[in-house]
Every structure is written in C-alpha cells, then in structure tokens.
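Everything on this sheet refers to the single structure shown next.
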Amino acid sequence: MNILNQHFNTPYNTAPFSKISNRDFLPAFKSAIEKAKKEIDVIVNNTEAPTFQNTIEALDYSGQELDRISSIFFNLNSAETNDEIQKIAQEVSPLLSEFGNDITLNEDLFKRIKTVYNSKTDLNLTEEQKTLLDKRYKSFSRNGANLPENKKDQLRTIDKELSKLKLKFGENILAETNAFEMQITDEKDLSGLPDGAKEAAKQLAESKDKDGWIITLDYPSYIPFMTYADNRELRKSLSLAFGSKGFKNDALDNQDNVLKIAQLRHERATLLGYKTHAHFVLEERMAQTPEAVNNFLNNLLKKAKPAAESEFANLQNFAKELDGIDRLEKWDSGYYSEKLKQKLFSLDDEKLKPYFKLENVIDGAFTVANKLFDLSFEEIHNINKYHEDVLTYKVTDNKGSLVSIFYVDFFPRAGKRNGAWMTSFKPQYMQEGDNERPHVSIVCNFTKPTKSKPSLLTFNEVTTLFHEFGHALHGMLANTTYPSLSGTSVYWDFVELPSQVLENWCYEKEALEIFAKHYETGEVISMELIKKIKESATFHEGMQTLRQISLGLLDMSWHAGEAQETITSVKAYETKAFGNTQLYPDVAENCMSTAFSHIFQGGYSSGYYSYKWAEVLDADAFEYFKEEGIFNKTVATKFKENVLSKGGTENPMELYKRFRGQEPKPEALLRRAGLLKD
Ligand SMILES: [Zn+2]
C-alpha cells in the first residue's frame, strides 16, 4: 500500500521522506480525495438532524489525510522541487480545485450548515466553536450559496469576467514591461552605477545582440539605475516609462480594465448584500470596516505628514547643495536618498556580517524564545529530512512536554524557490482528547558556508530569520481545538504580528549581546554600530509612510466608493484619492492605478492598508515589551496566551486587547520611527 495513505509509523509521526518516491504522490492524492469525498458524504447523508458536532466539527476534521499529503507535496515543490514534482503539481492542482468546488457547491451540505448556523444562539457554543461556525457558513454564503438560481448565474458570470479582466490587466503590464528597453552606447551615461549593475546591463545587451548596455523596467535593472545613475535626463526617461505603464491610450492601456474591475467588484458585493467591495473584503479582516481603515490611514497621515515634509525639505536642500537641483522630481527621489543615506550612516554590510554567524543567530533566536516562552530546542537526528542541509529540532516546554517538531532549511539550491517562508508539515489540533502537536518549518536562502568561512548573515538576513521564526512560534505554540483555526490561520491583517514583532529583538542591546559576537574574536557588537543600524532602519520613514498611506487611500477609494459607474477619468479620480499625500510634483503622463497590480491583479484589493496596519500592531506590541523589559515574563506570557496560542479562534482585535489591555495605537509606530517625540 502507498506509504502516504497509511499511518507513517515514524518518530513523532513525522513525514517519512526517505520512503516516499515521486510516483507515490498522484495515486496517494487520488485515493485521499476519494476518502475525503466519502467523509463528506457521510456528513451529508447523516439521517440525524444537523448539529454542530455532526456537521461543522465533522467537516473540519474531514480530509486530514489529504491535507497531510498536500502539505508534504507542496512544501517539497517549494523547497526541493524538480521537473517530475512540477509535472505532478500540474496534474494535482486541478484535482484539488475540483474537489474544493465540489464542497462549496454542495447544496445539501450547505443546507445542514445553514440549519446549524440559524440556531447558533441556542447551541451554547464556545467562542472557538462560534468562530468556526461563522467561518464555515461564510465560506459558502460569500460565494453565493444563499442566492436564488438566477442570481447565482449572475455571480458566476461576474466571477468569470473578473478573472478575465484581472488576467488582461496583468498581461498588459507584463507586455509593457517587456516592450521597453533603454539602450546606452556611451559609457559616461552609466556613471554612478555599481560594477554589478553595469555588468548586468552589458550582458543584457549582448543577449539581445545589441551594442552597449541595456536598462529595462524589470526591478533588478530599474532600481539600481534609479538609485545610482548620475545622468538625470536618463533617470527621467526611465521613470516616465515606468510610471506610464498601462496609460498610453494604446492596445495595452489599462484604464478601461481598472474601471470595469472596480465596477464588477462593486456589483458582486451588492449582489451578495454588501454595500461595497471593501465592506465585503473587510468583513473578514481585523479592521472590519472601510470606515476603520480610512480612519486609520487618515489618522496616520495627520501624524506622519509633518515628518515627511521635513524629510522632503532636507532632501531638497541636500540636492540643491550637491547638484544645484531647484525642483526635486520623482526621478530624483531614489538617487538623492541613497546619497544622503551614505553620507549619514556609511553602514556597510561587510562591517556587520562578522557579528552574525548563522549558528550564533539561530542560537540567539532560540535563547530569545526560551527567555520569553520557556521553549527549549534540542537538535534531533532520528527523523527523516528531505535534504541533508535541513536541521531538525524537538521543541519542548519547561515541563519537558513536546511542543513541536521544527525543521530549518537555510541554504539556496537548484530546487528551492527564492525568498524566505514559514510553513508546516502537520497542523496542531485536538481530537478525542489528544493534543496533536505541529511540525513547523522555516525555509530561507542564506549564504552557504565554505570550507574556510562560516555562513555570515547580512543584517537584513538576520531580521528575516527572526521574522520567519516569529511565524514559526505562532505555529509551534498553537493550542486550539480545530485544525482550520490553528496557528497562522488568522485574518491576513493579523498574520504578520508575531513575525514582525520578533524582528524588534534584533535592534535591542540586551538581545544582541546574546548572539551578535564576532565569529573570530568573540567580541560583542559595539553600541555605536547598533545605534547606526537603528537609525538607518528608520531613514526617511516619514516619506515612506506617506507613500504607503497614499496607496492605501487609493485602494480604498477604488473599492469603498459607491458610484463606480460615474467615474470617467482614472487619472482625475486617482488624483482626488491621493488628496494631500503627495510631496513630489505630479507627472501628467503617469498613472498609478493602471499599473497597481497588487489591487487590480493580485489579492490586495481593500487590503493595501494592511502593510501599515501590521507595522502599527508590531510597534504597539513591542512598546509594551519595552515598557516592562524586553524579556519580561508577564508580558511574554500574555502574548503567548492571548495571541500566539489562539490562532484564529476569535476576532483578532479581541485577542489583541486581551494581550495589550487596549486597542493598538499608531503613535507607537511613529515613536519607534522617531517621528514623534515623547
Ligand atoms: Zn511574514
């Protein structure tokens, strides 16, 4: 029998990587899907009246084998993939989405769920059970399960049209990006660029059989040019090209797509009984309502604007002194910011790296988790790994009980995608009196050690490690009953709190003293360097905050406005939405909305604010630690008990208030950034 379809019979029931071969996956998936379907059938065909237990709870515990196989498979597809696995992924993905649709379109199943939902006040449910019931019911109702047939059809038509338009929006941006190139034939025009960027531009030209150097609108080419190129005219033309994507009244123009997407989203929301698309989206966010988001953004705007204006004035003066620039334009921003930053900090990664040997940083993260949450990490060698570079740990609490199995996978290799992430091979949940502990993993792409040199991290990599470790703690410390509410299964404007808050320890003397020791001499990093790291981390924070606010307001304006059909000019509408958030002179040929892929192509519609929202949460939470001491046990325990262990079992604002004693305050973010004194 297929190893994936049986009990693994391994230590801690860990994934038996050495016994799995790629050809096991497809049949295992098919068999697990059949099994999950039968479990659903049993729920639907139950002759007893629907109850919370026989319907909602049973549904949440169904499909466990399928979930387990999916976790193992898709984690491998991200961290250790090959052609064969990718091919299987292409075969499996449609099977999984078909299975998902079978559930959400199952009317008999919905009938049972609805019966339970309608009697929810009489059921004497716990908070967690109420949340689960609500979540399950909404996963159907938000997809139209309550609509009459003709409106269901209307909804499907809108969904089809929307997915076509979003695709088209993205294709246009991609085509615009690919169509543009700036050829440079005089080396003088590359003045200021680092050698690496020049080299890349040369190679790009060669690959296209062209002379000289080529700069494109792809970030790895665009960003260095805008940051370092001394030639202002060339920066201007590159910036204009970048800013006019989808806004040239040609075949690749996105203005109509923007208007249609906004309008269809509005129609879809009203069909489902919501006032606007933003109301629909925010119902399942910590922020809850468009009013809350707009208040949040405008409040932050009021407080950050004076700082942003003074930073802008400083930058303007600096550019004037340096190059006689009278009017600072958008194409000057990256260039003079970088020059000013160098002048103020001259902070160089090479100076910092010797203090951040990978092993020391991991130990540091473990020590921080021990001091805060009483966790102990012991490396173990008796479980399977999917690659020899992976390290495995047993995580226990102060009574020696198992908390989690923890995998770490740090180095890049051919089968691993870029970036860093946290994931899990098995969730935490309780069933029949057993508390099943999770198997959590973090995957990164740090510099690999050589024979003569250990892996030394840049400071950015250090904070990345702490960030992912924060997500991992959210997974490890989970203590909920139902698998779908466990660990990081929370509203997405809440999910970055544990990760971002952990990053704060990387800037604190008390924490750095534990692990930031020179890998050769053992000397602890100097206070002077720590101070520089802190200051440079918040460099131009006012202007950056203002920019994020302006994009958040633009997003809300497109999705919380009620009369989308009356908008005729995308540019004029955008300008109005930006309000008083702009520092640089407007550029008539440019438009943000026509290339705002986050909200018109990706999943960030009515969600752009969440970048700043999460920062406020983490700054506010960390301020509490700072007040009481960054290793204060009482605060840490409150954080563990009210946030880290609770997953998505309750509304995050309630969880947060129980931890903090009050709602998060944006002032904490401004104070940390040095934008507010006191
Ligand atoms: Zn994250």
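What the table below lists for this structure:
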| item | result |
| --- | --- |
| Portion, in percent, of the accessible area of the chain that falls on carbon or sulfur, probe 1.4 Å | 48 percent |
| Pairwise FRET efficiency - Asn317 versus Thr126, Cβ, R0 = 60 Å, nearest 0.05 | 0.50 |
| Once the Cα gyration tensor of segment 415-485 is diagonalised, semi-axes √(5λ) in Å | 32, 12, 10 |
| Per-pair calculated FRET efficiency, R0 = 30 Å: Gln582 and Ala251 via Cβ, rounded to 0.05 | 0.50 |
| Separation in nanometres of the label points that stand 7 Å from Cα toward Cβ, at Leu147 and Lys665 | 4.5 nm |
| Cys591 accessible area, assembled protein chains, probe 1.4 Å, Å² | 10 Å² |
| Whether segment 308-438 is rounded, prolate or oblate, judged on the alpha carbon gyration tensor where a/c under 1.5 counts as rounded | prolate |
| Counting all C-alpha pairs of segment 473-631, share separated by more than 23 Å (%) | 57 percent |
| Calculated FRET efficiency for the pair Glu171/Thr51, C-beta based, R₀ 45 Å, to 0.05 | 0.40 |
| Rough spin-label spacing in nm, given labels placed 7 Å along Cα→Cβ, for Lys202 and Thr575 | 4.5 nm |
| √(5λ) per eigenvalue of the Cα gyration tensor, segment 115-167, largest first, Å | 31, 14, 4 |
| Partner lysines for Lys35 [C-alpha distance under 20 Å; skip if fewer than 8 residues away on the same chain] | Lys426 |
| Cross-link pairs Lys371/Lys665; Lys448/Lys626; Lys394/Lys657 - those with Cα-Cα distance over 30 Å | Lys448/Lys626; Lys394/Lys657 |
| Computed over segment 60-108, Cα set: Rg, Dmax in Å | 12.7, 41 |
| Where only alpha carbons of segment 60-217 are counted, the Rg and the Dmax (Å) | 25.9, 78 |
| The chain: calculated mean residue ellipticity at 222 nm from DSSP helix runs of at least 4, using -39500 (n - 2.57) | -17000 deg cm²/dmol |
| Cα gyration tensor, segment 575-617 - rounded (a/c under 1.5), prolate or oblate | oblate |
| Beta bridge orientation in segment 342-495: antiparallel %, DSSP, nearest 5 | 80 percent |
| Hull shadow area, averaged, segment 541-607 [alpha-carbon convex hull, nm²] | 4.9 nm² |
| In nm, spacing of pseudo-spin labels at Gln342 and Asp326 (7 Å Cα→C-beta vector) | 2.7 nm |
| Within segment 134-155, backbone nitrogen closer than 13 Å to the virtual label 7 Å beyond the Cα of Asn651 toward Cβ | none |
| Rounded if a/c under 1.5, otherwise prolate or oblate - segment 308-362, Cα gyration tensor axes | prolate |
| Heavy-atom SASA rank of Asp493, Asp323, Asp24 (probe 1.4 Å, accessible area, largest first) | Asp323, Asp24, Asp493 |
| Residues of segment 646-669 with amide N under 14 Å of the 7 Å Cα→Cβ point at Asp67 | 647-649 |
| Debye log10 I(q)/I(0) at q = 0.07, 0.08, 0.09 Å⁻¹ for the chain, Cα point scatterers | -0.54, -0.72, -0.93 |
| Surface accessible to a 1.4 Å probe, His387 within the full protein complex, Å² | 40 Å² |
| Translational diffusion coefficient (Stokes-Einstein; Kirkwood radius from C-alpha pairs) of segment 373-455 at 25 °C, 0.890 mPa s, in µm²/s | 170 µm²/s |
| Residue order for Thr649, Thr488 - accessible surface, 1.4 angstrom probe, largest first | Thr488, Thr649 |
| Size descriptor, Kirkwood hydrodynamic radius, that averages inverse alpha-carbon separations across segment 387-524, Å | 16.5 Å |
| Relative contact order [Cα under 8 Å, 6+ residues apart], the chain, whole percent | 16 percent |
| The chain, accessible area per residue, ligands and nucleic acids excluded (1.4 Å, Å²) | 45 Å² |
| Cα-based Lys proximity count in segment 266-363, under 24 Å, for pairs eight or more positions apart or on separate chains | 20 |
| Rg and Dmax [Cα atoms of segment 1-116; Å; Rg one decimal, Dmax integer] | 16.1, 49 |
| Contour minus Cα-Cα distance for Arg417 and Tyr219 (0.36 nm per residue) | 69.5 nm |
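The values are calculated or read from the model by the stated rules, or taken from the named source; none is laboratory data. Note that the structure is a prediction, hence the values are computed from the model and not measured. With ideal geometry, Cβ positions are generated from the backbone for all residues, glycine too; neighbour counts draw on all protein chains shown. Ligands, DNA and RNA are excluded from the accessible area calculation, which covers all protein heavy atoms including side chains. Shrake-Rupley method; radii C 1.70, N 1.55, O 1.52, S 1.80 Å.
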